[in-house]
Structure formats: structure tokens, C-alpha cells
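Enquirer: Quick one: the structure is below, and I'll ask about it shortly.
The values are calculated or read from the model by the stated rules, or taken from the named source; none is laboratory data. Predicted model only: the values in this text are computed from it and were never measured. Here the Cβ is made from the backbone with ideal geometry for all residues, glycine too, and neighbour counts use every protein chain on show. For accessibility, only protein heavy atoms count, side chains too; no ligands or nucleic acids. Shrake-Rupley method; radii C 1.70, N 1.55, O 1.52, S 1.80 Å.
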Amino acid sequence: MAYRLKYGIGTEAVHDAMPPAESEQLALAPAAACEDPIGATEVYGEDDGVVRMLVTEHVIAVLLVGQATKTLIVPKQSYTG
């Protein structure tokens, strides 16, 4: 079962403001993470299976993995240009 993606306050605006190529790249990465949250992301700090990082060429996003609710929450993402 795939996970549902939820953006935190302000994070969707970062995505919307990105140039089209980077925006498309960012759209594909969370789609992969929704299918395999652990395999498609990287450890953030201690590997607790909850706080993960999604890294693309131009974006770093923090993800919270809700195993019980099958959700991925993006509380923070940064466009690195």
C-alpha cells in the first residue's frame, strides 16, 4: 500500500516557486518515497525509521514517516538552486 504525501505549512509554496525542471524532479522523488519510504530516502541523524531526508540535485526535504497512518509529511524543504 502506498503512503499519502502531506506538505507542512509553507513547504508546498517552495515547490510551486521552483523552476519547472527542478519542480518535476521534486515531484518524482516523493512519488518514489510514497512507494518505498525507507528505500527512496536517506537517514536523517539517527536511523529511527521516522525522520528521513529526500535529496535531489536541487532540493533537500525532511520527511516524517507515519508507519501506522501510511503518511509521509514534508515539514521542511529547501531549494538549493
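Enquirer: Scan the stretch 52-79 residue by residue and report those that are part of a strand (DSSP E or B), in contact with a Leu (Cβ under 7 Å, 6 or more places away or on another chain), open to solvent by less than 30 Å² (accessible area, probe 1.4 Å) and β-branched (Val, Ile, Thr).
Expert: VAL59, VAL65, VAL74 - these are the residues of the stretch 52-79 that are part of a strand (DSSP E or B), in contact with a Leu (Cβ under 7 Å, 6 or more places away or on another chain), open to solvent by less than 30 Å² (accessible area, probe 1.4 Å) and β-branched (Val, Ile, Thr).
Enquirer: Also, I was wondering about something else. Quick one: how many residues across the stretch 1-42 are open to solvent by less than 70 Å² (accessible area, probe 1.4 Å), assigned to a loop (DSSP other than H, G, I, E, B) and touching a residue at least 60 places away in the same chain (Cβ under 8 Å)?
Expert: Selection size over the stretch 1-42: 4.
Enquirer: I'm checking my understanding of the structure. Among residues of the stretch 1-25 that are hydrophobic (A, V, I, L, M, F, W, C) and in contact with a helix residue (DSSP H, G or I) (Cβ under 6 Å, 6 or more places away or on another chain), which one is farthest from HIS58 (Cα to Cα)?
Expert: ALA2
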